[in-house]
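The values are calculated or read from the model by the stated rules, or taken from the named source; none is laboratory data. From a predicted model like this one, the values you see are computed outputs, not experimental measurements. FYI the Cβ positions are ideal-geometry reconstructions off the backbone, even for glycines, and counts take in every protein chain you see. Side chains included, ligands, DNA and RNA excluded: accessible areas come from the protein's heavy atoms. Shrake-Rupley method; radii C 1.70, N 1.55, O 1.52, S 1.80 Å.
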Amino acid sequence: MCGIFGYIGGRTDAGPLVIEGLKNLEYRGYDSWGIACKRNGAIIVHKDAGKISGVDSSAFAEPCSMAIAHTRWATHGNVSARNAHPHISGDGTIAVVHNGIIENYQELRAELETRGHAFQSETDTEIIPHLIEEEYRRTADFAGAVRAACRHFQGRYGLLALHADSSTLVAARTGSPLIIGVMNDGGYCIASDIPAFLEQTHTVQYLDDGEMLVTDGKSILFTDIVTGEEHPKREIPITWSPEEAQKGEYEHYMLKEIMEQKESIVRAVNQDEQQIRILADAIRNAKGTFLVGCGTAGKACMAAEYFFSVIAKHHVNFAPASEFKLYHHFLEPESLLIVVSQSGETADVLEAMHIAKSKGSNVLAITNVQGSTISREADFTLLINAGPERAVASTKALTGQMAVLMLIAYALTGKLQDGKTKLLETGAAINDMLNPRYIKRIEALAKRINQNENLYIIGKSWNYPMALESAIKIQEVSYIHAEGFAGGELKHGPIALIEDGTPCIALLGNDEVTADMLSNAIELKARGGRIIGIAPQEHSVFDEWLKVPEAGPAQPIVNIIPVQILAYYLAVTRGKDPDMPRNLAKSVTVK
Ligand code: F6R
């Protein structure tokens, strides 16, 4: 989703600094970009459609100590330089970058037009500098004008604003994250995501919902947008290193993060045991537990339904966060909501949390990003410790989420150590599996099937959510039409789609559902399906076999990894950039 990066302080290279910061936010997904620098009492704006990766930041090197920049992911208005941010006020003195959506912008724009304002873009954002301009004309107080403008907005926003006549940078937030990087030399970076400024600082402050900040680069003041009351903030250290957030020897983040699962699963498992027990106790004592997440994180929740059923004989309910709205009828103060989110910023997940909180229910979070909005709003947070995940396609976060959820299921039975041992053995087996020969075999398979426009994946029990997840991975990076099904559901409809040579991936373990799954694979083969088995053992029905270690309940953690690699190579061998999938964003902060 859109990225924001701003700087104010003693340095005079604010232009190159914010351009490089924006490049660090590319992974969020965007289609145009722009920058505004304050120089000699004027606001200088440059905007463009397309990618920022090739832009030479030295082109913005003219001395300046205050700049804001933005990568835009089009929502209102097409992809064009005109619609890119920053947007400026009618008199050209105010520049604003904005993430989120101002839902009542049409009404506000119509009112502004009747008062003589003319607009250059089709965006909701452009009304913001115009409203600030009006308020500023009344009071000549820039921060006060931003505060007054914010009171008109309905919807979600994280915004940065500069004024040609002010030596301050102002930020405000309701719904869309903004994090402040406290620079060692006293200046401040303000960005929508921590990796943007990891090369600059490891000390952050969080702007919370309903707050704004004003800074002159030497000091910073946080206040409530509505009341103006001061909100003192702590400085918080961040443990991620800049190297962790780089591609290193890999061509793409996606492959790097797939390979990192050798270590990230172990980090997820080596949790503070006391914290795992707290979560297990909360589930045991709750009157009903809901798991919610979106997309890939939602598939981890679905797999957890099986973990809790099989390992702990305990019922939990999964709902996609975007579908949770009407579940509030079932929520009571004794209910428990567990939210799973890599970024900790997903709007639908936050909404589910707010619904649960309004019912007095407890909310626990499993996330990867320390200090994310979800982690700050939850009653209790467990981190999966996967390290920064920058590829849009989530890989190592998923296996970390499943590992943690499986540990909790074991803890619920009082057998946390058994769960840990099982998962650490699985981690070691994954380490052996991810060798260069294995990767090459999958690349070769991708080359054999990459011209097929349809691909199906089947799984049963905990491999069923992995069939759904496989489809997401393949769709999002290769654009092949992929669909996942429960093996047993095939004959109820989907089998009609199978034609001669259609690639069908079957995800198997070595367990009580293996025989059923083999029958399903045979049904597909009888209709012409070309069966790619991902399984610990070879079976005669397979046309291709990708061997995986036998892992018992951890089988879904193991089985999804070859599919992630296949999805990656399907993208690359079809000439697509897996780190920049079309139409997608890493962190979905709009609803
Ligand atoms: C797919 C993918 C998305 C995310 C979803 C939730 O590869 O990454 O489906 O899983 O947008 O994001 P988080 O986990 O950040 O809440």
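What is the ratio of the Cα radius of gyration of region 52-188 to 2.2 N^0.38 Å, where N is its residue count, to two decimals?
Working: Rg = 15.0 Å, N = 137, 2.2 N^0.38 = 14.3 Å.
Compactness ratio reported: 1.05.
Given a 1.4 Å probe, how much area per residue of region 148-276 is accessible, in Å²? Walk me through the numbers on the way to the answer.
On the way: 5030 Å² over 129 residues.
Here the per-residue accessible area is 39 Å².
Given a Förster distance of 56 angstrom, what is the FRET efficiency for ASP543 paired with GLU263, based on the Cβ-Cβ distance and rounded to 0.05?
Details: r = 33 Å, r/R0 = 0.60.
Computed FRET efficiency for ASP543 and GLU263: 0.95.
Going from most exposed to least, what order do LEU169, LEU518 have by accessible area with a 1.4 Å probe?
Working: LEU169 0, LEU518 35 Å².
From most accessible down to least: LEU518, LEU169.
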With the charge dipole of the chain built from beta-carbon charges (+1 for Lys and Arg, -1 for Asp and Glu) about the Cα centre, the Cα from ALA161, VAL310, ALA521 projecting farthest to the positive end belongs to ALA521
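Please state, as a whole number in µm²/s, the translational diffusion coefficient that the Stokes-Einstein equation yields for region 387-493 at 4 °C and 1.567 mPa s, with Rh defined as the Kirkwood radius across alpha carbon pairs.
Values: Rh = 16.2 Å.
After rounding, the answer is 80 µm²/s.
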Stretched fully, the stretch from VAL310 through HIS354 gains (0.36 nm per residue minus C-alpha distance, one decimal, in nm) 12.8 nm
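Once the mean 1/r over all distinct Cα pairs of the chain is inverted, what Kirkwood radius in angstroms do you read off?
Values: mean 1/r = 0.0400 Å⁻¹.
Answer for the chain: a Kirkwood hydrodynamic radius of 25.0 Å.
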Two pseudo-spin positions, 7 Å from Cα along C-beta at GLU512 and at GLU453, lie apart in nanometres by 4.3
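If one computes P(r) from the Cα atoms of region 24-127, what percent of pairs lie at distances over 17 Å? Please list the in-between numbers first.
Details: 2899 of 5356 pairs.
Cα-Cα pairs in region 24-127 separated by more than 17 Å: 54 percent.
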Using alpha carbon positions and the Kirkwood radius, the Rg to Rh ratio of region 247-434 is 0.96
In whole angstrom, the spacing between the Cα centers of region 547-568 and region 99-127 equals 49
Going residue by residue through region 89-100, the Karplus relation 6.51 cos²θ - 1.76 cosθ + 1.60 with θ = phi - 60° gives ³J(HN,Hα) values, rounded to whole Hz and with x marking Gly or Pro, of 6, x, 8, x, 8, 10, 10, 9, 10, 8, 10, x
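Using the Cα gyration tensor of region 264-320, with a ≥ b ≥ c the square roots of its eigenvalues, what is the shape: rounded (a/c below 1.5), prolate (a/b larger than b/c) or oblate (neither)?
Numbers: a/c = 1.72, a/b = 1.09, b/c = 1.57.
It comes out oblate by the Cα gyration axes.
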For LEU412 the rounded accessible area (nearest 10 Å², probe 1.4 Å, non-protein molecules ignored) is 20
Projecting the Cα atoms of HIS481, GLY92, LEU364 onto the charge dipole of the chain, where Lys and Arg contribute +1 and Asp and Glu -1 at Cβ, the residue farthest towards the positive end is HIS481
Once the mean of 1/r over all distinct C-alpha pairs in region 248-352 is inverted, the Kirkwood radius in Å reads 15.4
Debye calc, one equal point scatterer per Cα of region 145-212, no solvent, log10 I(q)/I(0) at q = 0.20, 0.23 1/Å comes to -0.84, -1.02
Those cysteines in the chain that have no second cysteine Cβ within a distance under 4.7 Å are CYS2, CYS150, CYS189, CYS294, CYS301, CYS504
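Averaging over every viewing direction, what projected area does the convex hull of the Cα atoms of region 221-291 cover, in nm²?
Details: hull surface 39.2 nm².
One quarter of the hull surface, i.e. the mean projection, equals 9.8 nm².
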Contour minus Cα-Cα span, ASP577 to ARG151, at 0.36 nm per residue, comes to 149.2 nm
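Please grab the % of Cα pairs in region 3-243 that end up more than 31 Å from each other. Show your work: numbers first, answer last.
On the way: 3913 of 28920 pairs.
Counting pairs separated by more than 31 Å, the tail of P(r) holds 14 percent.
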Residue separation between THR413 and GLU229 times 0.36 nm, minus their alpha-carbon distance, gives in nm 61.5 nm
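Which percent of the accessible area of region 247-434 is formed by carbon and sulfur heavy atoms (probe 1.4 angstrom)?
With neighbouring chains kept in place, the figure for region 247-434 is 49 percent.
In Å³ and rounded to a whole number, note down the convex hull volume per residue for the Cα atoms of region 441-591. Present the calculation step by step, with values, prior to reporting the outcome.
Working: hull volume 17.8 nm³, N = 151.
For region 441-591, the hull spanned by Cα atoms encloses 118 Å³ per residue.
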Computed over the Cα atoms of region 424-463, the Rg and Dmax in Å are 14.0, 38
A correct Stokes-Einstein calculation for region 151-280, using the alpha-carbon Kirkwood radius, 37 °C and 0.692 mPa s, returns a whole-number D in µm² s⁻¹ of 189
Once amide hydrogens are built 1.01 Å from N within the peptide plane, the residues lying 5 or more places from CYS64 or on another chain with amide H under 5 Å from its amide H are ASP13, ALA14, GLY15
Over all pairs of different Cα atoms in region 344-441, the reciprocal of the mean inverse distance gives a Kirkwood radius in Å of 15.5
In region 441-591 the accessible area split gives carbon plus sulfur, as whole percent at 1.4 Å, a share of 48
